[in-house]
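Bear in mind that the values in this text are calculations on the coordinates, not laboratory data. All values reported here derive from a predicted model rather than from experimental measurement. Neighbour counts are summed over all protein chains in view; Cβ atoms, including those assigned to glycine, are modelled from backbone coordinates with ideal geometry.
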Amino acid sequence: MAEKSWETLEGACRSCKKCRLWELRTNVVIGKGNPKADILFIGEGPGQQEDLQGKPFVGAAGQLLDKMLASVELSLDDVYIANIVKCRPPGNRDPYDDEKEACLNFLRYQLKLIEPKIIVCLGRVAACTIIDPEFRITRQRGQWFSVKGYEFIATYHPSALLRDEEKKRPAWEDMKAIRKRWDELKGI
Ligand code: URA
Ligand code: SF4
């Protein structure tokens, strides 16, 4: 196989029709941040603003995510942010299994390009897809899992924090744990 590159990935995503979600998309949303980051955040799928702008987490949930990152002194220079599916599910419904299945190869490809050390699943959909289909976000968020040389952790999706203030505190604890682990890995 030819060497992996961002150009190849972007070309393949932009012309992709592997699941029904291509039909309503304005833009494919691939990711943003540092393409060589140690920390990869994975959300669910683009919402309306993301579909319009072609970038992940630029709407209300994205603004909260920015604040949470800033609260532990992380920025887009330190992290990369992507989603499970790269086209917007209509009305922001959860992506279906066949859509996730169709799109996951792109995320796997991205993972090989980025080679992060820490992978953060934002919310239930990402955690169930990436860590364990039976994942219970309320009970298992904040726990570390180690698979194939990557360290995984899940926290609440920022949209969940917008709906329920009580989740903000535990989500902040998770952010601090992520920051601490990153410092440890860097040997600070
Ligand atoms: N929610 C997500 O899961 N991803 C985005 O990119 C925006 C909102
Ligand atoms: Fe292709 Fe993924 Fe978009 Fe489906 S969601 S059309 S698999 S890029």
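Amide H to amide H distances under 5 Å link TYR150 with no residue, where only residues 5 or more positions off or on other chains count and H is placed in the peptide plane.
Cβ-to-Cβ counts within 10 Å put PHE135, PHE145 in ascending order as PHE145, PHE135, the fewest first.
Which helices of the chain meet both criteria: a Cα extent of 15 Å or more along the helical axis and a mean Kyte-Doolittle score no lower than 0.0, with helices taken as whole DSSP H segments?
Working: long enough: 60-71 (17 Å, 0.55); 97-114 (25 Å, -0.43); 168-186 (27 Å, -1.72).
Correct list, ordered by number: 60-71.
With 15 Å as the cut-off, how large is the P(r) tail for the range 37-88, expressed as percent of Cα-Cα pairs? Write out the running numbers ahead of the final one.
Values: 586 of 1326 pairs.
That fraction is 44 percent.
Hey, what's the Kirkwood Rh for the range 1-84 if you take every pair of different alpha carbons, in angstrom? The answer is 13.8 Å. Sorting THR8, THR138 from the fewest to the most surrounding beta carbons within 10 angstrom yields THR138, THR8. The largest-to-smallest principal axis extents of the Cα set in the chain are 41, 39, 30 Å.
Counting helices only, and only those DSSP H runs with n ≥ 4, report the 222 nm mean residue ellipticity of the chain as the sum of -39,500 (n - 2.57) divided by its residues, in deg cm²/dmol to the nearest 500. Write out the running numbers ahead of the final one.
Values: 8 runs with 81 residues, N = 188.
Mean residue ellipticity at 222 nm (helix-derived): -12500 deg cm²/dmol.
A simple charge model with +1 on the Cβ of Lys and Arg, -1 on the Cβ of Asp and Glu and nothing else charged puts the dipole of the chain at about 80 debye relative to its Cα centre.
Ranked highest first by average number of other Cβ atoms within 10 Å, how do 91-100, 153-162, 179-188 line up?
153-162, 91-100, 179-188
For the range 6-186, what relative contact order do you get, as a whole percent, if you take Cα pairs closer than 8 Å and at least 6 residues apart? With pairs under 8 Å counted, the relative contact order is 24 percent.
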